[in-house]
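Before any comments, here is the structure.
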Amino acid sequence: IAVLCVLAQTAAFGQSPNEEAATATLPKVVLVGDSIRLSYAPIVTQQLEGRAVVVSPKPNGGDSSNVLKNLEQWVLREKPAIVHFNCGIHDTKKFSGTGRFQVSPEQYEANLRQIVERIRENTEAVVIFATTTPILDDRAAAARQGRDYELLGASVQQYNTIARKVMA
């Protein structure tokens, strides 16, 4: 769905797809997010070839605090036409020893608000947010055996609700 949203937004730009010189005038689409974004970035780049320049930072975006910390480098300096981002799964890591999240729900909301505000203040970009992919508790637990944190479907739902509120 996220790829379709990006494609729909960029199709309106009508740039000449066959001219290398046109690259400088093509709109920029910046993708920022976790490992899921790292997986779909090559596909989006291929799908938008000749219609947009896709910028996808090499590092995993991690949690919302990290995205906020790196916003200037990863997004703002690119002066994008579209920013497609996600963060949430790392935020929802709940640590066994403390019972605390990597990023509390309150801080997650504040971080998302700051990210969107800074993008809107510093660019004219369309902002598209992708919610965190739902997880199955049993599979998530099995995949993280021996780690000092857990990922829970209920936490993902909670953080997605926060994100939807911020993005509304």
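Select from segment 35-71 the residues that are basic (Lys, Arg) and crowded, with 21+ Cβ neighbours inside 10 Å and list them in ascending order. Of everything in segment 35-71, just one residue is basic (Lys, Arg) and crowded, with 21+ Cβ neighbours inside 10 Å, namely 37.
One residue is enough: does segment 96-111 have a residue meeting the conditions part of a helix (DSSP H, G or I), buried (at least 20 other Cβ atoms within 10 Å of the Cβ) and not β-branched (Val, Ile, Thr)?
yes
Here residue 143 meets each of (1) surrounded by 13 or more Cβ atoms within 10 Å (Cβ to Cβ); (2) more than 26 Å from residue 73 (Cα to Cα); (3) among the small types (Gly, Ala, Ser) with one exception, condition (1).
For segment 124-168, name all the residues that are in a helix (DSSP H, G or I), out of contact with any strand residue (DSSP E or B) (no Cβ under 9 Å at 6 or more places or on another chain) and modelled with pLDDT of 90 or more. The answer is 153, 154, 156, 157, 158, 160, 161, 162, 165. Of all residue pairs spaced 6 or more apart or on separate chains, those with beta-carbon atoms under 9 Å, a first member in segment 120-139 that is more than 19 Å from residue 158 (Cα to Cα) and touching a residue at least 12 places away in the same chain (Cβ under 8 Å) and a second member that is of a type in the set (S, T, N, Q) and in a helix (DSSP H, G or I) are 126/9; 128/9. Counting only strands (runs of 3 or more DSSP E) that sit wholly inside segment 8-85, those with at least 1 residues that are more than 23 Å from residue 131 (Cα to Cα) and at pLDDT 95 or above are 53-55.
The condition of being part of a helix (DSSP H, G or I), under 18 Å from residue 129 (Cβ atoms), touching a residue at least 60 places away in the same chain (Cβ under 8 Å) and of a type in the set (A, V, I, L, M, F, W, C) does not hold for residue 89.
Take the conditions farther than 21 Å from residue 45 by Cα, among the basic types (Lys, Arg) and within 17 Å of the chain's Cα centre (by Cα) and apply them to residue 113. Does it pass? The answer is yes for residue 113.
The values are calculated or read from the model by the stated rules, or taken from the named source; none is laboratory data. Quick caveat, the model's predicted, so the values are computed rather than measured. FYI the Cβ positions are ideal-geometry reconstructions off the backbone, even for glycines, and counts take in every protein chain you see.
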